[in-house]
Amino acid sequence: MKAVIPVAGLGTRLRPHTFTVPKPLLHVAGKPIIAHIIDNISSLSIEEIILVYGENGESVVDFVREYWKGTVKGVLQRELMGLGHAVYQTKDLINEKDRLLVILGDTIIEGESIKSSSLDRDFIAVKEVDDPRRFGVVELDEEGYIRGVEEKPDRPKSNLAIVGLYYFTSTGLLFEGLSYIMERDIKTKGEYQLTDALAYMLERGWRPLAVRIEGWYDCGKPETLLETNRILLGKTGSKYEIPGSLIVPPVFIEKDVEIKNSIIGPYVSIASGAMISNSIVTDSIINREAIVENISMTSSILGQKAQVKGGLRRFNVGDFSKVELG
Ligand code: UTP
(Lines give C-alpha, C1' and ligand atoms only; values in the text may rest on other atoms or scores of the structure.)
Protein backbone atom coordinates (compact mmCIF):
# COMPACT_ATOMS: atom_id res chain seq x y z
CA MET A 1 0.00 0.00 0.00
CA LYS A 2 1.11 3.57 -0.66
CA ALA A 3 0.37 6.58 1.53
CA VAL A 4 0.07 10.14 0.26
CA ILE A 5 0.57 12.82 2.89
CA PRO A 6 -0.08 16.37 1.65
CA VAL A 7 2.03 18.79 3.69
CA ALA A 8 2.36 21.75 1.33
CA GLY A 9 -0.02 24.15 3.12
CA LEU A 10 1.36 27.40 4.51
CA GLY A 11 0.00 26.83 7.99
CA THR A 12 -0.99 30.48 8.31
CA ARG A 13 -3.00 29.82 11.45
CA LEU A 14 0.14 28.67 13.20
CA ARG A 15 2.22 31.71 12.41
CA PRO A 16 4.76 32.84 13.58
CA HIS A 17 5.95 29.24 14.12
CA THR A 18 5.34 28.25 10.49
CA PHE A 19 7.41 31.19 9.20
CA THR A 20 10.51 29.16 10.07
CA VAL A 21 9.35 25.56 10.52
CA PRO A 22 6.90 23.71 8.22
CA LYS A 23 3.77 22.75 10.18
CA PRO A 24 4.40 18.97 10.09
CA LEU A 25 7.74 19.51 11.86
CA LEU A 26 6.26 21.47 14.77
CA HIS A 27 6.59 19.58 18.02
CA VAL A 28 3.69 18.24 20.02
CA ALA A 29 3.97 15.83 22.96
CA GLY A 30 7.64 15.21 22.40
CA LYS A 31 8.01 14.82 18.65
CA PRO A 32 7.06 16.47 15.34
CA ILE A 33 3.43 16.17 14.20
CA ILE A 34 4.52 14.13 11.15
CA ALA A 35 6.34 11.64 13.42
CA HIS A 36 3.07 10.97 15.30
CA ILE A 37 1.28 10.48 11.96
CA ILE A 38 3.87 8.01 10.70
CA ASP A 39 3.95 6.08 13.98
CA ASN A 40 0.17 5.74 13.82
CA ILE A 41 0.13 4.30 10.30
CA SER A 42 3.21 2.14 10.78
CA SER A 43 1.23 -1.02 11.50
CA LEU A 44 -0.55 -0.82 8.13
CA SER A 45 2.00 -2.48 5.82
CA ILE A 46 2.76 0.69 3.90
CA GLU A 47 5.61 0.29 1.41
CA GLU A 48 5.90 3.86 0.20
CA ILE A 49 5.11 7.30 1.56
CA ILE A 50 4.68 10.14 -0.93
CA LEU A 51 4.82 13.61 0.57
CA VAL A 52 3.37 16.54 -1.36
CA TYR A 53 5.45 19.45 -0.15
CA GLY A 54 5.47 23.16 -0.87
CA GLU A 55 8.28 25.68 -1.41
CA ASN A 56 10.52 25.52 1.71
CA GLY A 57 8.95 22.19 2.66
CA GLU A 58 11.75 19.88 1.57
CA SER A 59 12.90 19.55 5.17
CA VAL A 60 9.74 17.53 5.84
CA VAL A 61 10.79 15.00 3.18
CA ASP A 62 14.32 14.89 4.65
CA PHE A 63 12.90 14.31 8.13
CA VAL A 64 10.63 11.46 7.00
CA ARG A 65 13.51 9.81 5.08
CA GLU A 66 15.49 9.74 8.34
CA TYR A 67 12.55 8.74 10.52
CA TRP A 68 10.90 6.01 8.46
CA LYS A 69 12.64 3.02 6.94
CA GLY A 70 10.38 2.43 3.89
CA THR A 71 10.58 4.25 0.55
CA VAL A 72 9.90 7.98 0.81
CA LYS A 73 9.24 10.18 -2.23
CA GLY A 74 8.54 13.88 -2.40
CA VAL A 75 6.50 15.79 -4.98
CA LEU A 76 6.60 19.57 -5.11
CA GLN A 77 3.26 21.38 -5.28
CA ARG A 78 4.41 24.67 -6.81
CA GLU A 79 1.17 26.52 -6.40
CA LEU A 80 -1.10 25.84 -3.45
CA MET A 81 -4.41 25.26 -5.17
CA GLY A 82 -6.12 22.98 -2.68
CA LEU A 83 -6.07 19.44 -1.34
CA GLY A 84 -7.46 17.92 -4.56
CA HIS A 85 -4.69 19.62 -6.53
CA ALA A 86 -2.11 18.38 -3.97
CA VAL A 87 -3.19 14.74 -4.35
CA TYR A 88 -3.32 15.12 -8.16
CA GLN A 89 0.42 15.93 -8.14
CA THR A 90 1.14 12.29 -7.21
CA LYS A 91 -0.58 10.81 -10.29
CA ASP A 92 2.66 9.70 -11.98
CA LEU A 93 3.83 7.87 -8.87
CA ILE A 94 0.69 5.81 -8.33
CA ASN A 95 -0.63 2.90 -10.39
CA GLU A 96 -4.28 2.25 -10.99
CA LYS A 97 -4.12 -0.98 -8.98
CA ASP A 98 -2.30 0.50 -5.97
CA ARG A 99 -4.08 0.57 -2.65
CA LEU A 100 -3.79 4.10 -1.33
CA LEU A 101 -4.13 5.86 1.99
CA VAL A 102 -4.40 9.64 1.91
CA ILE A 103 -3.82 11.29 5.28
CA LEU A 104 -3.51 15.00 6.01
CA GLY A 105 -0.22 16.29 7.36
CA ASP A 106 -1.70 18.20 10.25
CA THR A 107 -4.08 15.64 11.70
CA ILE A 108 -3.07 12.95 14.15
CA ILE A 109 -5.37 9.94 14.04
CA GLU A 110 -4.74 7.33 16.68
CA GLY A 111 -3.28 4.07 15.42
CA GLU A 112 -5.94 2.04 17.21
CA SER A 113 -8.70 3.86 15.30
CA ILE A 114 -7.02 3.12 11.97
CA LYS A 115 -6.13 -0.48 12.79
CA SER A 116 -9.71 -1.34 13.58
CA SER A 117 -10.84 -0.27 10.09
CA SER A 118 -11.05 -2.98 7.52
CA LEU A 119 -8.69 -2.53 4.59
CA ASP A 120 -10.66 -4.56 2.08
CA ARG A 121 -13.19 -1.78 1.44
CA ASP A 122 -12.75 1.86 0.45
CA PHE A 123 -13.54 4.19 3.32
CA ILE A 124 -13.50 7.77 4.51
CA ALA A 125 -12.81 8.37 8.19
CA VAL A 126 -15.40 10.58 9.90
CA LYS A 127 -16.26 11.88 13.32
CA GLU A 128 -19.39 13.41 14.79
CA VAL A 129 -18.84 17.10 15.50
CA ASP A 130 -21.06 19.81 16.94
CA ASP A 131 -20.63 22.26 14.07
CA PRO A 132 -19.83 20.46 10.78
CA ARG A 133 -19.91 23.64 8.65
CA ARG A 134 -16.11 24.05 8.91
CA PHE A 135 -15.47 20.57 7.47
CA GLY A 136 -16.13 18.29 4.56
CA VAL A 137 -19.34 16.49 5.50
CA VAL A 138 -20.67 13.07 4.46
CA GLU A 139 -24.22 11.88 3.97
CA LEU A 140 -24.93 8.20 4.60
CA ASP A 141 -27.39 5.75 3.09
CA GLU A 142 -29.42 3.32 5.22
CA GLU A 143 -26.61 0.75 5.22
CA GLY A 144 -23.93 3.15 6.48
CA TYR A 145 -22.25 3.72 3.10
CA ILE A 146 -21.48 7.23 1.96
CA ARG A 147 -23.85 8.55 -0.69
CA GLY A 148 -22.88 12.23 -0.69
CA VAL A 149 -20.04 14.56 0.30
CA GLU A 150 -19.91 18.33 0.53
CA GLU A 151 -17.11 20.71 1.42
CA LYS A 152 -17.88 23.19 4.22
CA PRO A 153 -21.64 23.27 3.51
CA ASP A 154 -23.84 26.05 4.91
CA ARG A 155 -26.56 23.47 5.55
CA PRO A 156 -24.81 20.18 6.41
CA LYS A 157 -26.79 17.01 5.74
CA SER A 158 -25.23 15.28 8.77
CA ASN A 159 -22.89 16.06 11.64
CA LEU A 160 -20.28 13.59 10.37
CA ALA A 161 -17.12 15.51 9.51
CA ILE A 162 -14.39 14.16 7.25
CA VAL A 163 -11.33 13.97 9.50
CA GLY A 164 -8.61 13.74 6.83
CA LEU A 165 -8.03 10.02 6.27
CA TYR A 166 -9.17 8.35 3.06
CA TYR A 167 -8.59 4.80 1.86
CA PHE A 168 -8.88 3.53 -1.72
CA THR A 169 -8.47 -0.13 -2.74
CA SER A 170 -7.61 1.08 -6.28
CA THR A 171 -6.99 4.56 -7.63
CA GLY A 172 -8.30 4.75 -11.24
CA LEU A 173 -11.56 6.50 -10.38
CA LEU A 174 -9.88 8.82 -7.88
CA PHE A 175 -7.47 10.23 -10.46
CA GLU A 176 -10.27 10.36 -13.03
CA GLY A 177 -12.27 12.51 -10.56
CA LEU A 178 -9.28 14.74 -9.84
CA SER A 179 -8.60 15.23 -13.58
CA TYR A 180 -12.28 16.00 -14.09
CA ILE A 181 -12.39 18.84 -11.53
CA MET A 182 -9.07 20.23 -12.73
CA GLU A 183 -9.93 20.17 -16.47
CA ARG A 184 -13.32 21.78 -15.88
CA ASP A 185 -11.89 24.17 -13.30
CA ILE A 186 -14.35 23.06 -10.62
CA LYS A 187 -13.42 24.83 -7.41
CA THR A 188 -15.13 25.22 -4.05
CA LYS A 189 -14.14 28.17 -1.85
CA GLY A 190 -11.47 29.01 -4.45
CA GLU A 191 -9.64 25.65 -4.30
CA TYR A 192 -9.57 22.31 -6.09
CA GLN A 193 -11.07 20.22 -3.32
CA LEU A 194 -10.55 16.51 -2.85
CA THR A 195 -14.18 16.44 -1.71
CA ASP A 196 -15.35 17.53 -5.19
CA ALA A 197 -13.41 14.65 -6.79
CA LEU A 198 -14.98 12.28 -4.26
CA ALA A 199 -18.44 13.62 -5.23
CA TYR A 200 -17.61 12.80 -8.88
CA MET A 201 -16.65 9.26 -7.82
CA LEU A 202 -19.87 8.78 -5.83
CA GLU A 203 -21.93 9.86 -8.85
CA ARG A 204 -20.22 7.07 -10.81
CA GLY A 205 -21.08 4.33 -8.37
CA TRP A 206 -18.22 4.48 -5.85
CA ARG A 207 -19.46 3.09 -2.52
CA PRO A 208 -17.09 3.82 0.37
CA LEU A 209 -17.84 3.10 3.99
CA ALA A 210 -17.87 5.84 6.62
CA VAL A 211 -15.51 4.69 9.36
CA ARG A 212 -16.03 6.48 12.66
CA ILE A 213 -12.77 7.48 14.28
CA GLU A 214 -12.39 8.15 17.99
CA GLY A 215 -8.88 9.52 18.42
CA TRP A 216 -8.67 12.49 16.08
CA TYR A 217 -6.43 15.38 17.06
CA ASP A 218 -6.15 18.52 14.99
CA CYS A 219 -2.87 20.42 15.02
CA GLY A 220 -3.88 23.31 12.74
CA LYS A 221 -3.99 26.23 15.18
CA PRO A 222 -2.34 27.16 18.49
CA GLU A 223 -5.33 26.19 20.67
CA THR A 224 -5.75 22.79 19.00
CA LEU A 225 -1.99 22.13 19.02
CA LEU A 226 -1.97 22.74 22.79
CA GLU A 227 -5.08 20.63 23.25
CA THR A 228 -3.48 17.79 21.26
CA ASN A 229 -0.36 18.19 23.40
CA ARG A 230 -2.49 17.78 26.55
CA ILE A 231 -4.34 14.73 25.25
CA LEU A 232 -1.25 12.92 23.94
CA LEU A 233 0.79 13.69 27.06
CA GLY A 234 -2.14 12.36 29.10
CA LYS A 235 -1.64 9.05 27.28
CA THR A 236 2.14 8.91 26.97
CA GLY A 237 3.67 11.50 29.31
CA SER A 238 6.30 10.26 31.76
CA LYS A 239 7.22 11.04 35.37
CA TYR A 240 10.45 12.92 35.99
CA GLU A 241 12.38 13.86 39.08
CA ILE A 242 14.68 16.85 38.95
CA PRO A 243 16.33 17.87 42.23
CA GLY A 244 15.37 21.41 43.27
CA SER A 245 12.32 21.52 40.96
CA LEU A 246 8.83 20.11 41.09
CA ILE A 247 7.67 18.21 38.00
CA VAL A 248 3.91 17.64 37.87
CA PRO A 249 2.98 14.87 35.39
CA PRO A 250 2.17 14.36 32.65
CA VAL A 251 5.08 16.05 30.96
CA PHE A 252 7.64 15.16 28.32
CA ILE A 253 11.20 16.36 28.82
CA GLU A 254 13.77 15.51 26.18
CA LYS A 255 17.39 14.90 27.09
CA ASP A 256 19.79 17.83 27.56
CA VAL A 257 17.15 20.07 29.09
CA GLU A 258 18.23 22.22 32.04
CA ILE A 259 15.61 22.92 34.70
CA LYS A 260 16.44 24.88 37.85
CA ASN A 261 14.28 25.93 40.76
CA SER A 262 11.02 25.64 38.79
CA ILE A 263 7.60 24.04 38.76
CA ILE A 264 6.91 22.29 35.46
CA GLY A 265 3.59 20.73 34.49
CA PRO A 266 1.10 19.44 34.06
CA TYR A 267 0.96 19.16 30.23
CA VAL A 268 4.34 20.55 29.28
CA SER A 269 6.50 19.27 26.44
CA ILE A 270 10.12 20.47 26.44
CA ALA A 271 12.58 19.82 23.62
CA SER A 272 16.34 19.30 23.98
CA GLY A 273 18.61 22.18 24.78
CA ALA A 274 15.88 24.24 26.48
CA MET A 275 16.74 26.01 29.76
CA ILE A 276 14.13 26.85 32.36
CA SER A 277 14.93 28.58 35.64
CA ASN A 278 12.97 30.20 38.47
CA SER A 279 9.70 29.71 36.57
CA ILE A 280 6.33 28.05 36.68
CA VAL A 281 5.32 26.46 33.35
CA THR A 282 2.03 24.66 32.73
CA ASP A 283 0.17 23.57 29.59
CA SER A 284 2.89 24.62 27.14
CA ILE A 285 5.18 23.49 24.34
CA ILE A 286 8.78 24.64 24.66
CA ASN A 287 10.85 23.97 21.56
CA ARG A 288 14.56 23.32 21.15
CA GLU A 289 17.01 25.61 22.93
CA ALA A 290 14.32 28.00 24.14
CA ILE A 291 15.07 29.91 27.35
CA VAL A 292 12.53 30.64 30.09
CA GLU A 293 13.56 32.68 33.11
CA ASN A 294 11.79 34.22 36.11
CA ILE A 295 8.27 33.91 34.77
CA SER A 296 4.98 32.17 35.32
CA MET A 297 3.67 30.84 32.00
CA THR A 298 0.67 28.85 30.78
CA SER A 299 -0.96 27.86 27.44
CA SER A 300 2.15 28.99 25.57
CA ILE A 301 4.15 27.83 22.58
CA LEU A 302 7.80 28.91 22.37
CA GLY A 303 9.69 28.40 19.12
CA GLN A 304 13.27 27.22 18.77
CA LYS A 305 15.77 29.49 20.53
CA ALA A 306 12.96 31.81 21.65
CA GLN A 307 13.57 33.56 24.96
CA VAL A 308 11.01 34.66 27.52
CA LYS A 309 12.38 36.35 30.57
CA GLY A 310 10.40 37.95 33.36
CA GLY A 311 11.57 39.60 36.51
CA LEU A 312 10.67 40.12 40.11
CA ARG A 313 8.35 43.06 40.84
CA ARG A 314 8.89 45.54 43.62
CA PHE A 315 6.03 46.72 45.82
CA ASN A 316 5.74 49.28 48.53
CA VAL A 317 2.17 48.61 49.62
CA GLY A 318 0.56 50.09 52.72
CA ASP A 319 -1.86 48.53 55.18
CA PHE A 320 -5.32 47.61 53.80
CA SER A 321 -4.17 48.05 50.17
CA LYS A 322 -5.14 45.50 47.54
CA VAL A 323 -2.92 44.65 44.56
CA GLU A 324 -4.20 42.35 41.84
CA LEU A 325 -1.99 41.51 38.90
CA GLY A 326 -3.70 39.96 35.87
P1 UTP B 1 -5.26 23.26 5.54
O2 UTP B 1 -6.50 23.59 4.85
O3 UTP B 1 -5.31 23.04 7.01
O4 UTP B 1 -4.21 24.40 5.17
O5 UTP B 1 -4.68 21.97 4.82
P6 UTP B 1 -2.81 24.83 5.76
O7 UTP B 1 -2.18 25.71 4.76
O8 UTP B 1 -2.00 23.65 6.19
O9 UTP B 1 -3.12 25.69 7.08
P10 UTP B 1 -3.74 27.17 7.20
O11 UTP B 1 -5.20 27.02 6.89
O12 UTP B 1 -3.01 28.10 6.25
O13 UTP B 1 -3.47 27.52 8.64
C14 UTP B 1 -4.93 20.65 5.24
C15 UTP B 1 -3.78 19.77 4.79
O16 UTP B 1 -3.69 19.77 3.37
C17 UTP B 1 -2.41 20.21 2.94
C18 UTP B 1 -1.84 20.99 4.13
O19 UTP B 1 -0.43 20.94 4.15
C20 UTP B 1 -2.45 20.24 5.32
O21 UTP B 1 -1.68 19.10 5.67
N22 UTP B 1 -2.56 21.04 1.71
C23 UTP B 1 -3.59 21.94 1.60
C24 UTP B 1 -1.67 20.89 0.66
O25 UTP B 1 -0.72 20.06 0.74
N26 UTP B 1 -1.82 21.66 -0.45
C27 UTP B 1 -2.84 22.56 -0.58
O28 UTP B 1 -2.92 23.24 -1.65
C29 UTP B 1 -3.74 22.70 0.47
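The values are calculated or read from the model by the stated rules, or taken from the named source; none is laboratory data. Remember, predicted model here, so these are calculated numbers, not experimental data. Backbone-built Cβ (ideal geometry, glycine too); neighbour counts: all protein chains shown.
Within the range 202-231, restricting attention to residues that are at pLDDT below 95, away from the ligand (no atom under 16 Å from the Cβ) and of a type in the set (A, V, I, L, M, F, W, C), the residue that is nearest to the chain's Cα centre (by Cα) is ILE213. The residue that is nearest to ILE37 (Cα to Cα), among those in the range 1-16 that are among the basic types (Lys, Arg) and more than 6 Å from the ligand (Cβ to nearest atom), is LYS2. Here GLU254 meets each of (1) over 26 Å from ARG13 (Cα atoms); (2) over 29 Å from the mean Cα position of the chain (by Cα); (3) charged (D, E, K, R) with one exception, condition (2).
At least 1 residues being buried (at least 18 other Cβ atoms within 10 Å of the Cβ) and among the aromatic types (Phe, Trp, Tyr) is the threshold, and among the strands (runs of 3 or more DSSP E) wholly inside the range 212-326 those reaching it are 216-218, 251-253.
Could you list, in sequence order, the residues of the range 215-273 that are acidic (Asp, Glu) and closer than 20 Å to VAL129 by Cβ? Please lay out each step first, then the result.
The first filter runs over the range 215-273 and keeps only residues acidic (Asp, Glu), leaving 218, 223, 227, 241, 254, 256, 258.
Scanning the range 215-273 gives ASP218, GLU223, GLU227.
Residues in the range 96-122 that are assigned to a strand (DSSP E or B) and within 24 Å of THR224 (Cβ to Cβ) were compared, and the one that is nearest to the ligand (Cβ to nearest atom) is THR107. Does ASP131 count as loosely packed, with under 14 Cβ neighbours inside 10 Å and at pLDDT 95 or above? No; evaluated as a whole, the condition is false for this residue.
Among the candidates LEU165, LEU178, which residue alone is part of a helix (DSSP H, G or I) and either in contact with a strand residue (DSSP E or B) (Cβ under 7 Å, 6 or more places away or on another chain) or crowded, with 20+ Cβ neighbours inside 10 Å (or both)? Lay out the reasoning, then the answer.
On the way: LEU165 fails: part of a helix (DSSP H, G or I).
One residue alone meets the criteria, LEU178.
If only residues of the range 17-52 that are free of Cβ contacts under 8 Å to residues at least 12 places away in the same chain and buried (at least 16 other Cβ atoms within 10 Å of the Cβ) are counted, the one that is nearest to the ligand (Cβ to nearest atom) is THR18.
This table checks each residue for (1) more than 16 Å from GLN89 (Cα to Cα); (2) in contact (Cβ under 8 Å) with a residue 24 or more places away in the chain; (3) away from the ligand (no atom under 16 Å from the Cβ).
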site: GLU139; (1), (2), (3): yes, no, yes
site: TYR145; (1), (2), (3): yes, yes, yes
site: SER158; (1), (2), (3): yes, yes, yes
site: VAL163; (1), (2), (3): yes, yes, no
site: PHE175; (1), (2), (3): no, yes, yes
site: ILE181; (1), (2), (3): no, yes, no
site: ASP185; (1), (2), (3): no, no, no
site: THR188; (1), (2), (3): yes, yes, no
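If only residues of the range 53-95 that are β-branched (Val, Ile, Thr), within 15 Å of the ligand (Cβ to nearest atom) and over 18 Å from the mean Cα position of the chain (by Cα) are counted, the one that is surrounded by the most Cβ atoms within 10 Å (Cβ to Cβ) is THR90.
Hey, does the range 74-89 have a residue that's of a type outside the set (Asp, Glu), more than 26 Å from LYS152 (Cα to Cα) and in contact with a Leu (Cβ under 6 Å, 6 or more places away or on another chain)?
So the first thing to find is which residues in the range 74-89 are of a type outside the set (Asp, Glu), and the list is 74-78, 80-89.
Applying the additional criterion that residues be more than 26 Å from LYS152 (Cα to Cα) yields 74-76.
Next, from what is left, pick out any that are in contact with a Leu (Cβ under 6 Å, 6 or more places away or on another chain): 74.
Yes, because at least one residue in the range 74-89 is of a type outside the set (Asp, Glu), more than 26 Å from LYS152 (Cα to Cα) and in contact with a Leu (Cβ under 6 Å, 6 or more places away or on another chain).
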